[in-house]
1. If contacts are Cα pairs under 8 angstrom and at least 6 residues apart, what is the relative contact order of the chain in percent?
2. Give the percent of DSSP beta bridges with both residues in the chain that are antiparallel, rounded to the nearest 5.
3. Using a 7 Å offset from the Cα along the Cα-to-Cβ direction at both R685 and E218, what is the distance between the two label points in nm, to one decimal?
4. Provide the FRET efficiency to the nearest 0.05 for the D701-L542 pair, computing r from the beta carbons and using R0 = 56 Å.
5. Suppose we flag chymotrypsin sites (Phe, Trp or Tyr not before Pro) only when DSSP calls them loop and at most 15 other Cβ atoms lie within 10 Å. Which is the longest uninterrupted stretch of the chain?
6. Taking a 27 Å limit on the Cα-Cα distance, which of the listed pairs K609/K733; K671/K733; K663/K733; K703/K733 fall beyond it?
7. Which cross-chain or sequence-distant (5 or more) residues have an amide H under 5 Å from the amide H of E530, H modelled 1.01 Å from N in plane?
8. Please provide three numbers in whole Å: the alpha-carbon extents of segment 159-298 along the principal axes, with the largest listed first.
Amino acid sequence: MPTPTNKRKKPKETRGGIRRKSSHPILGKEFNYVLHLSEEDALVLKRYQDILAQGAAGFAEKIYNYMFDNPDIADVLYAYERQGGNIGELVRSQLEHQLGLLNGDIDEKAAAASEQVGREHYRWGIKPVWSLGAYRLFVDHIKELIAGEADIDHHDRDALERALIKVVFRDMAITSEGYWRAAVEQLTDQRDELGHEQDLAGELLGSIPQLLWTVDIEANRIAYASPGTQAFCGDTLEAPIPCFYRIPGSERERVLTAWQQVIDGAAVQLEIPVSGEDDSARWYRLAFYPTANRRGRVLRVHCLMEDVTELHSDRERLEQLSTQDEVTGLANRTLWYDRLASALAVARRNPGASVAVMVLDINQFKMYNDTLGHEAGDQLLRMIAGRVQKVLRDTDTLARLGGDEFGIVLPMVQDAEKAAERVAREVMNSLSAPFTFKGRELCLSSAIGIAVFPQHGEDSHTLASHADSAMYRAKWNSAPFLFFETETEVSASEHLQFSGQLHGALEREEFELHYQPKIDLSSGRICGAEALLRWQHPQQGLVLPKRFIAVAEQLGMISPITDWVLDTALEHSRHWKVDGRPVAISVNVSARSFQSPGLISRIRQALDKAGVEGSLLEVEITEDTLMSDLELGARILDELSELGVSIAIDDFGTGYSSLSYLKRLPINTLKIDQSFLQDMANDPRDAAIVRSIIELGHNLDCKVIAEGVEAQGVREQLRQLGCDLVQGFHISKPLPDAGFREWLLSSAH
């Protein structure tokens, strides 16, 4: 066969450098011995070399046709030609090699040349079987020459033919040996390279922290396990999960379910705890990646296990931060809503079960936070949370919803309203005792709104909104707690609407004051009036304070509104006269306005601006406002008293007054809340309460006024009980300034 010798590739580099021939060269003498190839054979070939070579010149056409008649050999030749080789030279080189066999060279140099031909055949993809055909043609051609050449002695013909066959067999054998040695050397190099790469892969896999293994599904065995896997799981690797026995029993079902999904062809990942040798549990990410055949049948599964303990801990911390209030450690609004949704889901599956939702607001928190600082505010929130938590069940959820607002979820209660009322009273009681901060006593009041599933709503956001609305109504009515009432609640959307519209209400002059007269029961004459704020809303008409005062406080607008009320009320009152005498005016001051540092100076400025005496002004505050900080309240009352301003305690009897303090404070008037007057004629207990308040007020040298008087019978009963003053619709409804002036002129009072 031809050997393409004009295009040689560089020797291939291996781990040891450039690949060389085998260190054991082919020994021609071994083949000579086996074939009985002797010097006599070599001599007879040399003797007739020229004759045979000249006669073999016509062999070129035969070898050429042989090569191109065989499609496989032709493909090799065409590839050789495409790479720039010359087929003519290739044929000549083949002839030169075969004719060289006739020169009688049977030494080691000739053997090395034959071996190189075999190596070149391997290099170019020439199969040994193709060479056999070429040798057969060559032998047949030479034998014809020997038989027919007249110059060959007939006595030498047999010896020459035998010698020819021996050297051809020798060359065929050495060429084949060279072919297979080249093949073995290449396979050895590839094996060495593969082994080296496997060593590198082993080093790499042994140094990475992940555990890797492959499961042969058909055989149900571990086909491969990384060094880390073997070290972690020990010598015994049980399929399909080597460390399955280290997974807690509660988690094994998850792993088995995941494995079944993998067998069905899905890639699966999950996180599981795994026990170490010291029984300490760490978290691992377990990942399965299936490999399937064309029909979708999973044959192998590649598995990875990675330690994610720190990541898991970080995630837990992030989840905790996202669901926990950082100041109190309670659940935050997000987790509270989640717990509420879960409680509702359970209640829906249990007929008759209810859920109570409560929103708790601390009235004096902003004042303490603003005056004493955030350190005091944070500590106060923590103390409030601790007290409230103690009165709740382990299954209840207490959360800080933001600012001074807390949320409570009471799940799985049969009589929700009764349970919620009981919890509300316990919460109020837990907060009734003063709190202590740096030796200072802080008194709190609060308001609770309650909504119940399913009566007040079906979903968590509706119930929370309704509880929030009920809480605001409790604040406006100075009630400790109230349940949601559909017809009376102010919606959350209305709160949002008011928040946006209140900012410009003063500038747009949308506020106005109405005045309700106060009557002396003994003489029947007018002795003052209370200024009542109204908002002339551009869309909703006249809006009462209970619908927007809380919003104004939240927006920080209550102080400018209070300033406007003081200036306007005093300006109007200086024009009022009864029998030539001025009429005193009463102004309600909210807790935040009362405790703000500039209240006294603003009242002084308002009196000076209107040009009226302090004795014509009465400031009304609730007892809760006073009791929230007695020390501060006492100072403010003393300063107001020095201005000549009178002090009235509004809604007396609904809060938590301390009589020992009341008797020491410059209080002029106690106002009986109208809630005690509604059933006074029919309920002896209400009458007894009113009588006690009147007697208490007189003992404290205070006048007592009852507000909300709407019937002559109530007025007469109050007179008999010794009440000093009354106001209400029975006397007159609240009137604007012009209407009040007309009333003064026409009234019999």
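Just so you know, all these numbers are worked out from the coordinates, no wet-lab data involved. Only a predicted model underlies this, so the values are computations on that prediction, with no experimental measurement involved. All Cβ positions, even for glycine, are placed from backbone atoms using ideal geometry, and neighbour counts span all protein chains on display.
1. Details: 1134 pairs, mean separation 51.3, N = 749.
About 7 percent, as a whole number.
2. Numbers: 71 of 97 bridges.
The answer is about 75 percent antiparallel.
3. Going from the R685 label point to the E218 one covers 8.8 nm.
4. Values: r = 38 Å, r/R0 = 0.69.
That pair, D701 with L542, gives E of 0.90.
5. Numbers: sites that count: Y656, F729.
With chymotrypsin sites (Phe, Trp or Tyr not before Pro) excluded where exposed in loops, the chain gives 1-655 as its longest stretch.
6. Details: K609/K733 29 Å; K671/K733 18 Å; K663/K733 33 Å; K703/K733 22 Å.
Over 27 Å apart, Cα to Cα: K609/K733; K663/K733.
7. Answer set, sorted by chain and number: Q516, K518, S586.
8. Projected onto the principal axes, the Cα atoms of segment 159-298 cover 91, 38, 20 Å.
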